[in-house]
1. Applying the selection to the range 104-134, what residues are of a type outside the set (Gly, Ala, Ser), surrounded by fewer than 16 Cβ atoms within 10 Å (Cβ to Cβ) and not in a helix (DSSP H, G or I)?
2. For Val170, state whether it is within 16 Å of the ligand (Cβ to nearest atom), part of a strand (DSSP E or B) and either free of Cβ contacts under 8 Å to residues at least 60 places away in the same chain or outside the structural domain of Ser104 (by TED's automatic domain parsing) (or both).
3. Can you tell me which of Glu196, Glu239 is within 14 Å of the ligand (Cβ to nearest atom) and among the acidic types (Asp, Glu)?
4. Tally the residues that are aliphatic (A, V, I, L, M) and surrounded by fewer than 13 Cβ atoms within 10 Å (Cβ to Cβ), restricting the search to the range 303-319.
5. Which of the following residues is farther than 27 Å from Leu176 by Cα and surrounded by 20 or more Cβ atoms within 10 Å (Cβ to Cβ): Lys219, Lys267, Lys276?
6. For the range 253-285, which residues satisfy the criterion of being outside any helix (DSSP H, G or I) and over 14 Å from Glu326 (Cβ atoms)?
7. For the range 173-187, which positions are in a helix (DSSP H, G or I) and more than 16 Å from the ligand (Cβ to nearest atom)?
8. Ser104 is checked against (1) free of Cβ contacts under 8 Å to residues at least 40 places away in the same chain; (2) within 16 Å of the ligand (Cβ to nearest atom) and fails just one. What number does that condition carry?
Amino acid sequence: MPGIYFLDVTNRDGVQTARLGLSKLEKTMLNRYLNRMGVFQSEFGFPTTKHESLYLQANLELQEMDKMRPIRLAGWLRATVEDVHTAFSMVPKLKHLNLSISTSQQMIQGKWGGRVTEDDVIASMTKALDAAKEHGAESVGINAEDASRTSLDFLIKFSRAAKEHGADRVRYCDTLGYDNPFTIYDAVKTLAETIELPLEVHCHGDLGMAVANSLAGAKGALDGGQDVYINTTVNGIGERAGNADLVATILAVTKSRDFAGKYELGKPITLTRAWKTAQFASYAFGVPIPINQTGVGANAFAHASGIHADGVLKDPENYELYSFSELGRGEPELVETGREICSGEYGGVSGFRHLMGRMAVTFDDADDAREKLELVRYANVLAQKPLTTDELKFICKYPGIARKLLTMVPPE
Ligand SMILES: [Zn+2]
């Protein structure tokens, strides 16, 4: 039976969002949270972008140390041979990729002024795919950007070529959030049945349907006999109106009527990690979680009306589809509270040792503490807010990795 997998793109689509971004340490922490949640793949960044290089390498190194497994870390790049060569020269240990190219006439005409034909699009994609395989890529997903505004005939031709050249999946991108659950179901099911290749669905919220479309697209792939990889972002943060929210999509797949029980997860999800992951992303992006956010909003389990409060006290199932404890709500604060001795870029070693002592982190000697404090100061310069306890512990545990994440030297 085909299964459902989650492929999170916060570290790619999320950080492309206007006005928002993450430091390399924050991106790394997010990969770790996603790994603990059971997310299959994190699209962890841009291997052709110079300032990402050390971060991408450091995260792959963590995996080599067996410290962040089994999540797959995949780089995103344009589907051109040049970009593939650049990616492997900058991040030689890259194993997983998604190669992206526009497939719609709108983009072919509007972006490339008609200088490129549909055949050129396929040729660029297949050559890039061949190059990725030659470089030793273990898995390659092919992204059809603007798939929802692409003729189905061309999408089939494009996907067939991808399969013939060894693609592992094709990503159906509803780049503009143009689909609705009915149209995406039909399109993805047809692709699944015709191409017989696992599919990804990538949905945006421009019409308020990112989660619904993801669910319907997933159903199309599964009914067509193929595994599906649902693209999500934490708290739905992504370009414009955002992407399908990770937690809401997991809940939709596992709790909604006629979906739960009928369709299966290909890889188990540890939902109890949801709360912490959402809280961290909110803190790192500096974007509060809306009060009515599915599952993790402040009001998601609040009952004020007399009838509802009475009903939920008698039996929570009267007014709740799932319990707050399933989501891991109520975990301790991300940043130490109480008397505040904050980590800061101008902090001293005494305050630092006190702060870390409360987290049961010890140091070999004064030099060891000073060395790690220096890394914490640099991390603070980048974050411009107190580091979370997990970030502080991470820096103390993996100082060599942290050093790489904090190093950024612009090319001459
Ligand atoms: Zn997107």
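1. Selection gives Lys111, Trp112, Arg115, Thr117.
2. yes
3. The match here is Glu239.
4. Number of matching residues: 3.
5. So the residue among Lys219, Lys267, Lys276 that is farther than 27 Å from Leu176 by Cα and surrounded by 20 or more Cβ atoms within 10 Å (Cβ to Cβ) is Lys276.
6. Those that are outside any helix (DSSP H, G or I) and over 14 Å from Glu326 (Cβ atoms): Ser256, Arg257, Asp258, Phe259, Gly261, Lys262, Tyr263, Glu264, Leu265, Gly266, Lys267.
7. Pro181, Phe182, Thr183, Tyr185, Asp186, Ala187
8. If we test Ser104 against (1) free of Cβ contacts under 8 Å to residues at least 40 places away in the same chain; (2) within 16 Å of the ligand (Cβ to nearest atom), just (1) comes out false.
The values are calculated or read from the model by the stated rules, or taken from the named source; none is laboratory data. Note that the structure is predicted; figures quoted are calculated from it, not measured. Glycine gets a Cβ as well: all are built from the backbone with ideal geometry, and neighbour counts include every protein chain shown.
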